[in-house]
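What follows is one structure encoded as structure tokens, with my remarks underneath.
The values are calculated or read from the model by the stated rules, or taken from the named source; none is laboratory data. These numbers come from a predicted model, not from an experiment. Here the Cβ is made from the backbone with ideal geometry for all residues, glycine too, and neighbour counts use every protein chain on show.
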Amino acid sequence: MPAKILIVDDEGDMLLLMQRILSEREDYEVTMAKDPFEVRQLLLTNDFDLVITDLQMPGFDGFQVLDAVKQRSVDTTVIIMTAGGSVKLLAEAIRRGADACIIKPFRKETVLQMVEQALTSSLHKAG
């Protein structure tokens with residue numbers, strides 16, 4: 001069964017890039033969301049193995065996504081993406097339950113490796 005991954009970002013180009021990177025793996029089922037209302041609905045109606053969210057978005061930031069994910073399932077793995085995130089913001093994300101951070105710009109190989117590690121870690125949490 002493919003791993004279910006939700007990608008949240010307010011930039012359509014970033015969503016498409018992440019989808020392109022992750023679609024190289026047939027064992028990933030990728031869902032994308034850029035609207036905060038869509039994110040809330042997706043989290044209520046789906047069980048994701050991994051959520052990758054941008055940190056800085058207007059209206060519904062990465063901290064809110066992180067909190068919503070962890071309220072639904074504390075075991076769901078969350079990776080935060082940020083371009084201009086300070087060390088303080090990243091430390092806050094980890095304190096609030098994020099499992100890892102990706103700094104933009106990033107390399108495709110880095111994303112694939114982090115996702116694989118996150119999903120492996122997620123399986124160990126669940127099992």
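Search region 21-48 for residues that are loosely packed, with under 12 Cβ neighbours inside 10 Å and pair each with any residue that is not polar (S, T, N, Q) when their beta-carbon atoms are under 6 Å apart and the residues are at least 6 apart or on different chains. Final answer for the pair search is ASP27/PRO2.
Here ALA118, ALA93, ALA83, ALA100 are screened, and the one residue that is free of Cβ contacts under 8 Å to residues at least 40 places away in the same chain, within 17 Å of ILE5 (Cα to Cα) and small (Gly, Ala, Ser) is ALA100.
Among the aliphatic types (A, V, I, L, M), closer than 17 Å to ASP13 by Cα and assigned to a helix (DSSP H, G or I): which single residue out of VAL65, VAL30, VAL111 fits that description? Even if it seems obvious, please write down each step before you answer.
Working: VAL65 fails: closer than 17 Å to ASP13 by Cα; VAL30 fails: assigned to a helix (DSSP H, G or I).
Only one candidate qualifies: VAL111.
The lone criterion from (1) at pLDDT below 95; (2) crowded, with 20+ Cβ neighbours inside 10 Å; (3) among the β-branched types (Val, Ile, Thr) left unmet by THR82 is number (2).
Name every residue in region 33-48 that is of a type in the set (D, E, K, R) and either assigned to a helix (DSSP H, G or I) or in contact with a Gly (Cβ under 7 Å, 6 or more places away or on another chain) (or both), in order of residue number. Full working, then the answer.
Let us first name the residues in region 33-48 that are of a type in the set (D, E, K, R), namely 34-35, 38, 40, 47.
Listed by number, the residues that qualify are LYS34, GLU38, ARG40.
If you go through region 33-91 and keep only what is over 16 Å from LYS104 (Cβ atoms) and either in contact with a Phe, Trp or Tyr (Cβ under 7 Å, 6 or more places away or on another chain) or small (Gly, Ala, Ser) (or both), you end up with ALA33, PRO36, VAL39, GLY59, ALA68, SER73, THR76, ALA91.
Name the residue, out of ASP10, ASP67, ASP54, that is free of Cβ contacts under 8 Å to residues at least 40 places away in the same chain and within 23 Å of LYS88 (Cβ to Cβ). Steps first, please.
Values: ASP10 fails: free of Cβ contacts under 8 Å to residues at least 40 places away in the same chain; ASP54 fails: free of Cβ contacts under 8 Å to residues at least 40 places away in the same chain.
Going through ASP10, ASP67, ASP54 in turn, just one is free of Cβ contacts under 8 Å to residues at least 40 places away in the same chain and within 23 Å of LYS88 (Cβ to Cβ): ASP67.
The set of residues from region 68-79 being exposed (fewer than 15 other Cβ atoms within 10 Å of the Cβ) and not in a helix (DSSP H, G or I) comprises SER73, VAL74, ASP75.
Only one of LEU90, LEU119 is surrounded by fewer than 20 Cβ atoms within 10 Å (Cβ to Cβ) and under 23 Å from ASP27 (Cβ atoms). Can you tell me which? Please lay out each step first, then the result.
Details: LEU90 fails: under 23 Å from ASP27 (Cβ atoms).
Being surrounded by fewer than 20 Cβ atoms within 10 Å (Cβ to Cβ) and under 23 Å from ASP27 (Cβ atoms) holds for just one of LEU90, LEU119, which is LEU119.
Name the single residue that is modelled with the highest pLDDT among those in region 49-62 being crowded, with 20+ Cβ neighbours inside 10 Å and in a loop (DSSP other than H, G, I, E, B). Of everything passing the filter in region 49-62, ASP49 is modelled with the highest pLDDT.
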